[in-house]
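The values are calculated or read from the model by the stated rules, or taken from the named source; none is laboratory data. Every value quoted in this text rests on a predicted model; they were computed, and no experiment measured them. We place every Cβ from the backbone using ideal geometry, glycine too, and count neighbours over all the protein chains shown. Keep in mind that these areas ignore ligands, DNA and RNA; they rest on the heavy atoms of the full protein, side chains included. Shrake-Rupley method; radii C 1.70, N 1.55, O 1.52, S 1.80 Å.
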Amino acid sequence: MTAPTAATNVEQQQLSGNEQAAQRWSQALMDNFGVPPVELVSGSGAVVTDVDGRQYLDLLGGIAVNSLGHAHPAVVRAVSEQVATLGHVSNFFTHPTVIELAERLLDISGVRGNGRVIFGNSGTEASEAAFKMARRTGRPRIIAADGAFHGRTMGALAVTGQPAKRAPFEPMPPGVEFVPYGDVSALENAVDGTVAALFLEPIMGEAGVIPAPDGYLAAARRITAEHGALLIIDEVQTGIGRTGGWLAHQKAGIVPDVITLAKGLGGGMPIGAATALAVLRTIETDGLLDHVDALGKHIATGVEDLGHPLVGHVRGAGLLLGIVLTENVGAGAALAARDAGFIINAPAPDVLRLAPPLILTQEQADSFVAALPGILDAAAPPAPARQITEKG
Ligand code: PLP
């Protein structure tokens, strides 16, 4: 072994496991989201463990992905049994679990007999498919909301209302226009017979957990129907029990033309019908919709009742919650939370997001609420110079 390598080995031995991982990551992976400072190596339920043996309560669940937490027996069993039975099946064949899952999704959406499913591997692909459906109308214009997030492939990015994310990749696929989220008259002005589709999230997750104002989704349904435009509801972050019902838009009593799903549906896999069926069955048999609704309200009340000067209010629904802060200390608070053993993030400078596994217990939730004042005190003011890296 040559001297420089030996020296490097000595240096490496002095670094923690997390630091070594960050160093190797920065040399091997593209820097699109920055270098993550913590390496997770295992998880059980809502608790994850890093390479140095530190445990965290995972209040983000990937980002609203691990709906049943980590290593849930139903998911482990479904994946193991499926790969031991039959692997990938091409589009030349049907497959029983695919049909069963499609039927279940139509039931959940309330459109069995009047709707069809197409499967992909991610939320951004779901947005792409919806984008293509819009193009198939033959109409030139697509409307989406300022601040919206629909994914990072080109079609999904084109309808993402965050100019900084689009700018490096321009030109975008043409024809997309943006309106302010929640503004009914802006929709009335924008939508006419030239509009193919309107993309909307029921709660804008990446923009800072911003729920649609009352009546907005119903107005969007009415206006698009009047002009024969598709209403595409993005349930990638809000769907599959996240907000305490199967799908967030159902509370508005509307039926969209297109619904996109991903994240929680696969329970941590880039979907696969067997896993998704296991997720849906577990949500049902374990009564998780009611649990999510009750626990979300419990957390929101608990956080607001803290009376901490940095807590404004809590918004969102079920277990997709945004703690709106009175100062822009979200990034510092997310970092302080991690130091205290809780994984959360700040999708906006003044918002902390919780999107934990739906199996989070009340005791686990309470441990976070009890720790929050200390986390906020550590974060402000002044906000730490180090910034937590955001995915969104
Ligand atoms: N749509 C919404 C509302 C999302 O929140 C996301 C991801 O955060 C996406 C689409 C893209 O999903 P994916 O990351 O699975 O591609």
Only one of (1) within 15 Å of the ligand (Cβ to nearest atom); (2) closer than 17 Å to ILE118 by Cα; (3) open to solvent by 40 Å² or more (accessible area, probe 1.4 Å) fails for THR275. Which number is that?
(3)
Extreme residue, nearest to LEU321 (Cα to Cα), among residues of region 346-386 that are among the hydrophobic types (A, V, I, L, M, F, W, C) and modelled with pLDDT under 95:
ALA379
The residue from VAL76, VAL111, VAL98 that alone is surrounded by 11 or more Cβ atoms within 10 Å (Cβ to Cβ) and without any contact (Cβ under 8 Å) to a residue 40 or more places away in the chain is VAL76
Go through region 105-131 residue by residue and tally those that are assigned to a loop (DSSP other than H, G, I, E, B) and closer than 15 Å to ILE271 by Cβ.
6
Any chance region 52-70 includes a residue that's over 24 Å from ARG281 (Cα atoms), out of contact with any Ser or Thr (no Cβ under 6 Å at 6 or more places or on another chain) and in a loop (DSSP other than H, G, I, E, B)?
yes
Residues (within 16 Å of the ligand (Cβ to nearest atom), of a type in the set (Gly, Ala, Ser), open to solvent by less than 10 Å² (accessible area, probe 1.4 Å) and part of a loop (DSSP other than H, G, I, E, B)) located in region 205-261
GLY205, GLY208, GLY239, GLY241
Go through region 283-298 residue by residue and tally those that are without any contact (Cβ under 8 Å) to a residue 40 or more places away in the chain, over 17 Å from LEU321 (Cβ atoms) and not in a loop (DSSP other than H, G, I, E, B).
2
Tell me, which residue of region 139-152 that is over 14 Å from LEU198 (Cβ atoms) and either in a helix (DSSP H, G or I) or near the ligand (Cβ under 8 Å from one of its atoms) (or both) is least open to solvent (accessible area, probe 1.4 Å)?
GLY151
Does ASP31 satisfy the criteria of being among the acidic types (Asp, Glu), more than 16 Å from the ligand (Cβ to nearest atom) and open to solvent by 50 Å² or more (accessible area, probe 1.4 Å)?
yes
